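K.L.:
Mind looking over this structure? Questions follow.
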Amino acid sequence: MTAVHSSGNLVAILGGSGLARFEGLEVLRREVIRTPFGEPSGALTFGRLPAESGWQEVVFLPRHGYGHTIPPHDINYRANLWALNEVGARAVFAVASVGGIRDDLLPGSLVLPDQIIDYTHGRPSTFFDSAELPVTHIDFTLPYDGTLRAALLDGAGRAGIGLVDGGVYACTPGPRLETAAEIERLARDGAHMVGMTGMPEAALARELDLPYAALAVVVNAAAGRGASRLAISVTDIARIQDEAMGLVRAILAQTVPRAVCALDQARAVQGVRVSLQPAGDPVKGNPS
């Protein structure tokens with residue numbers, strides 16, 4: 001595999017449905033990266049976004065492929081995350097389309113999930129599944145990086161765009177949409193939105209110690225709710241995606257150039273906390 005080494009400030013954007021290309025990104029090159037887990041969803045697109053002190057390096061990858069041809073259950077999540085980590089990404093911002101379960105998550109809303117429930121099955125979900133590797137457990141209490149979530153909230157504020165802070169993302173297998181009864185079950189489980197790509201993506205990023213946060217776009221009311229009480233309009237989903245992705249790009253344009261600095265500051269604060277910890281007293285908590 002040929003790795004492309006960044007300057008240490010590279011930020012990754014994983015595009016979802018409706019975001020197969022990132023308008024506003026000045027493209028510098030594309031690289032095909034091969035991984036021990038097979039092929040990623042496509043070539044990595046390297047580019048840059050304007051920043052306060054010059055330019056911010058960005059690597060972009062649409063998880064469904066550039067032609068949106070890879071369904072959720074066939075995405076090679078391991079290859080995607082491995083490739084982004086291999087080229088030196090410091091953080092991953094993942095964009096996802098979801099159905100709104102909670103009453104206030106109306107079509108067109110932008111949401112910053114803080115928890116996830118995994119209903120998928122059969123997807124390779126760890127890098128440590130070889131008989132030659134030790135069993136590896138990760139802490140997944142807080143599945144999304146707190147520093148990146150805060151950066152997205154700040155970016156939305158700078159862009160003047162409303163962003164709902166918090167919500168439980170239910171990840172279903174797809175590619176079909178859910179039944180009304182399934183949505184009722186998810187609601188009873190405490191889910192607020194439903195999508196098909198959040199897992200194992202988030203867990204794999206955690207295994208790589210790669211900070212990860214998701215920005216969700218509500219493109220329809222979930223099955224059996226609101227305008228989707230009897231059926232979900234695929235035409236309306238496409239229209240709402242097109243309208244909302246401009247807002248997503250505006251938030252990311254404000255967030256991405258500040259992400260690495262925010263991560264560095266958070267780690268510096270954590271370093272101070274560790275140095276001040278009394279000898280023999282374990283450090284409690286996780287700043288992210």
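K.L.:
With 25 Å as the cut-off, how large is the P(r) tail for the stretch 118-241, expressed as percent of Cα-Cα pairs? Working shown, then result.
P.N.:
Working: 2743 of 7626 pairs.
When every Cα pair of the stretch 118-241 is considered, 36 percent fall beyond 25 Å.
K.L.:
Same structure again: When the Kirkwood radius is taken over all Cα pairs of the chain, what Stokes-Einstein diffusion coefficient follows at 10 °C and 1.306 mPa s, in µm²/s?
P.N.:
82 µm²/s
K.L.:
Relative to the longest principal axis of the C-alpha atoms of the chain, give the angle of the C-alpha long axis of helix 77-86, reported between 0 and 90° and rounded to the nearest 10°.
P.N.:
30 degrees
K.L.:
May I ask you to order 23-29, 120-126 by the average number of other C-beta atoms within 10 Å around their residues, highest value first?
P.N.:
By packing density, highest mean first, the sequence is 120-126, 23-29.
K.L.:
Another question, then. Which value, in Å to one decimal place, does the Kirkwood hydrodynamic radius take for the stretch 1-118 when every pair of different Cα atoms is included?
P.N.:
15.3 Å
K.L.:
Oh, and also: Using a 1.4 Å probe, what is the accessible area per residue for the stretch 95-158, in Å²?
P.N.:
Spelled out: the 1.4 Å probe surface of the stretch 95-158, per residue, equals 51 Å².
K.L.:
Compute the whole-percent fraction of alpha carbon pairs in the stretch 186-268 spaced more than 16 Å apart. If you can, show how the numbers build up before the last one.
P.N.:
Working: 2337 of 3403 pairs.
Pairs farther apart than 16 Å: 69 percent.
K.L.:
Accessible area per residue for the stretch 1-84 in Å², computed with a 1.4 Å probe and the full protein assembly in place, what is it?
P.N.:
On the way: 3770 Å² over 84 residues.
Computed with neighbouring chains in place, this is 45 Å² per residue.
K.L.:
What's the angle, to the nearest 10 degrees (0 to 90), between helix 234-276's Cα axis and the longest principal axis of the chain?
P.N.:
It is inclined by approximately 30 degrees.
K.L.:
Of the accessible area of the stretch 124-274, with the probe set at 1.4 angstrom, what percent is carbon plus sulfur?
P.N.:
Ligands and nucleic acids excluded, carbon and sulfur give 56 percent.
K.L.:
Still on this structure, please answer the following. Run lengths n ≥ 4 of DSSP H only: what is the helix-derived mean residue ellipticity at 222 nm for the chain, with -39500 (n - 2.57) per run over all residues, to the nearest 500?
P.N.:
Here the helix-only value at 222 nm equals -10000 deg cm²/dmol.
K.L.:
Oh, and also: Counting Lys and Arg as +1 and Asp and Glu as -1, what is the net charge of the other residues whose Cβ lies under 13 Å from the Cβ of Val164?
P.N.:
Charge balance in the 13 Å sphere: -2.
K.L.:
Peptides 65-72, 87-94, 101-108: what's the order by average Cβ count within 10 Å, highest mean first?
P.N.:
Going from most to least packed, we get 87-94, 101-108, 65-72.
K.L.:
Additional query: Give me the 1.4 Å probe accessible area per residue for the stretch 175-258, excluding ligands and nucleic acids, in Å².
P.N.:
Using a 1.4 Å probe on heavy atoms only, each residue of the stretch 175-258 averages 41 Å².
K.L.:
Ranked highest first by average number of other Cβ atoms within 10 Å, how do 210-219, 141-150 line up?
P.N.:
Ranked by mean Cβ neighbours within 10 Å, highest first: 210-219, 141-150.
The values are calculated or read from the model by the stated rules, or taken from the named source; none is laboratory data. This is a predicted model, so every value here is computed, not measured. For neighbour counting, all protein chains shown are included, and Cβ atoms are generated from backbone atoms with ideal geometry for every residue, glycine included. In case anyone asks, the SASA skips ligands and DNA or RNA and just uses the protein heavy atoms, side chains included. Shrake-Rupley method; radii C 1.70, N 1.55, O 1.52, S 1.80 Å.
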